[in-house]
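The values are calculated or read from the model by the stated rules, or taken from the named source; none is laboratory data. Computed from a predicted model, the values in this text were never measured in an experiment. Every residue, glycine as well, gets a Cβ built from its backbone with ideal geometry; the counts of neighbours run over all protein chains shown.
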Amino acid sequence: MKRRHRHERILELLQTAELDIERLASTLNVSVATVRRDLGQLAEEGKITRTYGGAVLPPTRLERSLQERAMIAKREKEAIGQLAATHVVEGDTLVLDAGTTTGSLARHLRHFGNLKVITNGFSVMLALAEAKNIEVILLGGTLRYISYGVVGPYAELVLRRITAKKTFVSADGIVAGRGLCEATAEQAALKALMLDQTKEVYLLADSTKLGDSYSSFWTPFPETWTLITDSGATESQLAPFRASPGVRIEIGQIKDEPRMDTK
């Protein structure tokens, strides 16, 4: 069993109860030393809490508000937004979802002309409110006060009647081979529709979100897509994405940091 698959299986097993190292080794049919290394890496990534002789899942993490998320990884999101903007050309029709990373991208689009931006996020709307050469279409729906975004059947109804050239979305977490995780089923459903209504998909995720699977609802990846992350991402975080078919990786350089090779 490959390491990534072991990690996924360990997290599944820990959903039911605390497990000791010997039991995990027996269940996974690997050595105790291998399990210790796996648990060590998962603990470093914040996905488990080590106990005496075993591990448990950490306490459920509460969803952060938009204001709280805006204070996290600010330089990383700026680097991602700047790089993502290089994929936009005048005349494009874009979909941007609600979030602080897509909000960063929106700020880098202000100088563009002849753009059409479809969004469910107030942060994107406000970033482009004074960009007179950009038409902003705000989806209707049920407001999620914690994220300043709208979701639900009304947002989906409008989105089904629109197609776009490019979609840029973020997520609570992104896991290679699985998809994007979100706090609610409504968010995951709307995000899946966003990916379906476009030709090119760009997933914007700062390095803290790579491999993060705390949220409960999932949006599968499309067949081909581009991951735009930041230069704080480690090779162990990027390796599963490099091994995934149909994925292109781009690295936004955090200001004052040296360049990093891309796939």
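Does Thr101 satisfy the criteria of being of a type in the set (Ser, Thr, Tyr), crowded, with 17+ Cβ neighbours inside 10 Å, closer than 17 Å to Leu193 by Cβ and in contact with a strand residue (DSSP E or B) (Cβ under 9 Å, 6 or more places away or on another chain)?
no
Just to check your reading of the model, which residue among Gly121, Gly140, Gly152 is of a type outside the set (Asp, Glu) and under 18 Å from the mean Cα position of the chain (by Cα)?
One residue alone meets the criteria, Gly121.
For segment 247-260: of the residues being at pLDDT 95 or above and more than 19 Å from Lys77 (Cβ to Cβ), which is surrounded by the fewest Cβ atoms within 10 Å (Cβ to Cβ)?
Filtering first and then ranking leaves Arg248.
When you go through (1) in a helix (DSSP H, G or I); (2) modelled with pLDDT of 85 or more one by one for Glu90, which number turns out not to apply?
(1)
Consider segment 153-177. How many of its residues are part of a strand (DSSP E or B) and either closer than 18 Å to Trp218 by Cα or of a type in the set (Asp, Glu) (or both)?
6
Pairs please, first residue from segment 26-51 and touching a residue at least 12 places away in the same chain (Cβ under 8 Å), second anywhere and part of a loop (DSSP other than H, G, I, E, B) and of a type in the set (Gly, Ala, Ser), Cβ atoms under 9 Å, 6+ apart in sequence or on different chains.
Close Cβ pairs (under 9 Å, with a partner that is part of a loop (DSSP other than H, G, I, E, B) and of a type in the set (Gly, Ala, Ser)) amount to Glu45/Gly211; Lys47/Gly211; Lys47/Ser213.
Return yes when Ile80 is among the aliphatic types (A, V, I, L, M), in a strand (DSSP E or B), surrounded by 22 or more Cβ atoms within 10 Å (Cβ to Cβ) and at pLDDT 95 or above and no when it is not.
When the stated conditions are applied, Ile80 does not pass them.
Any residue in segment 80-89 that is over 21 Å from Ile228 (Cα atoms) and among the polar types (S, T, N, Q)?
No, every residue in segment 80-89 fails to be over 21 Å from Ile228 (Cα atoms) and among the polar types (S, T, N, Q).
Of the residues that make up segment 166-185, is at least one of a type in the set (D, E, K, R) and at pLDDT 95 or above?
yes
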